[in-house]
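Quick notes on the structure that follows.
Laboratory data are not the source of any read-out in this text; all were calculated from the coordinates shown. Since the structure is predicted, the reported quantities are computational estimates derived from the model, not experimental observations. Using ideal geometry, Cβ is built from the backbone for each residue, glycine included, and neighbour counts are taken over all protein chains shown.
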Amino acid sequence: MMRAKEIQSNLSPELPSIIKHMLPSNVTRVFWLHFPKSFCEAYLPKEDTMVVLEDERGKSYETKYLARKVGLSAGWRGFSIDHKIMEGDVLIFHLVEPAKFKVYIVRVNDSEEVDGALALLKLEAGVKQMGPIGSSEEVDGALGLLKLEAAIKQMTPINEAVHVEKLSKVSEEMEDLDFEHLSHDNPEKNCEKNVKMTCLTTFGPISDLYEYESEDLGSETTDGVRLSKSAVDFKEVKCFEDFDILANGLVINSELSKHLQTKYYELCCSQNSLLHDHLLDGLNCKLVVGMLSETINIADAIRASKLTTSLESFAIWEKTLKAFEGLGMNVGFLLARLGQLMHLSAKSKRYEEATLQRVNAKEEMKTLEAKLLEVKDTINRLGVEIEKLVVDSENLELKFQEVAKAPW
């Protein structure tokens, strides 16, 4: 992200740009690219339109921009696959025209190529600032091209053939450049040539393994997931057939079985609202599906729970629902019901514990009573013995002396 911001800082500040960190949903299965709403409202068309993505080589890709969903759908998949964009990559989208982005790709652990891109961007800025080529400025223009050539030579040697191709392009541009025909009074034409000289990419060639065209990706469905035409207000849902589950502008009904869809619809009807309506933006669709499934499972488990259900199970359900609530799921009613059940279950468990403790206390009391009787018997027996000894105690001293002094 730091390298991407460095590239962004070298772009023309007059034209807006944004940085997007690639998530799994951007580059796998769904292939949905969501832009910040504030950026779209400020700079992008207000209606659905085709937006061009131009890579660093200058190759253009048409994508479909959905204004209400503030993101790219058809065509983005082809761009992503063609450029082998992976989770964790960072893309800089530079809005060079009202419906055209120049896209710069920062790969994970690919800092050397980014250094090359920065070098070209800085050289491009320098070339664009050149004045009309006349006497001494012709030398400056030639030096600019030589520096550009040197920068390309110093790039990471991903593929020597690629560098040879780049160098040959620079040579061709130098041969085509006719300094004598560059006019002082036609700076726009001069600028076009300057820009042309600086449009070389710093990244390797695109693989030919994938041949996807935007026309082939015109359909707005991917593995059963489709784009929603509009936001869903649950109050407008009259029956199960009208019920669509949306996540990031995508209808994900197909990711849930009919049974789970029905269960979730019933839960939503009980609250007269979509339980996932306030989930955080940008959550992975698979995560959303998992949350919905687990919410349904917990709701069923709550319904099927008994007084004998362990408090540990209740505690796990509670922690899970609280985590979902933190992500925006409306599960407060489940937590409330769970709290009531936990309270009643705790009372039941305490009743069982108290009953068992009373039984144990009674057993202990019986043991103590038996011990007390034994002690009483001992006391009585010793009493009788003591009384007998008391009668004989008066004569004991005389008998003792008599025995002691008797003749041997």
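At-a-glance table
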item	result
For the stretch 299-408: relative contact order, % (alpha-carbon pairs under 8 angstrom, 6 or more apart)	22
Most to least packed among 305-318, 75-88 [average Cβ atoms within 10 Å]	75-88, 305-318
Unit charges on C-beta of K, R, D, E only; dipole of the stretch 307-408, Debye	720
Kirkwood Rh in Å, taken over the stretch 37-81 so that all alpha-carbon pairs contribute	11.0
Whole-number percent relative contact order across the stretch 1-75, with pairs defined as alpha carbons under 8 Å at least 6 apart	24
Calculated from backbone phi, Karplus (6.51, -1.76, 1.60) coupling profile of the stretch 39-52 in Hz, x at Gly/Pro	5, 5, 5, 7, 10, 9, x, 7, 10, 4, 7, 8, 10, 8
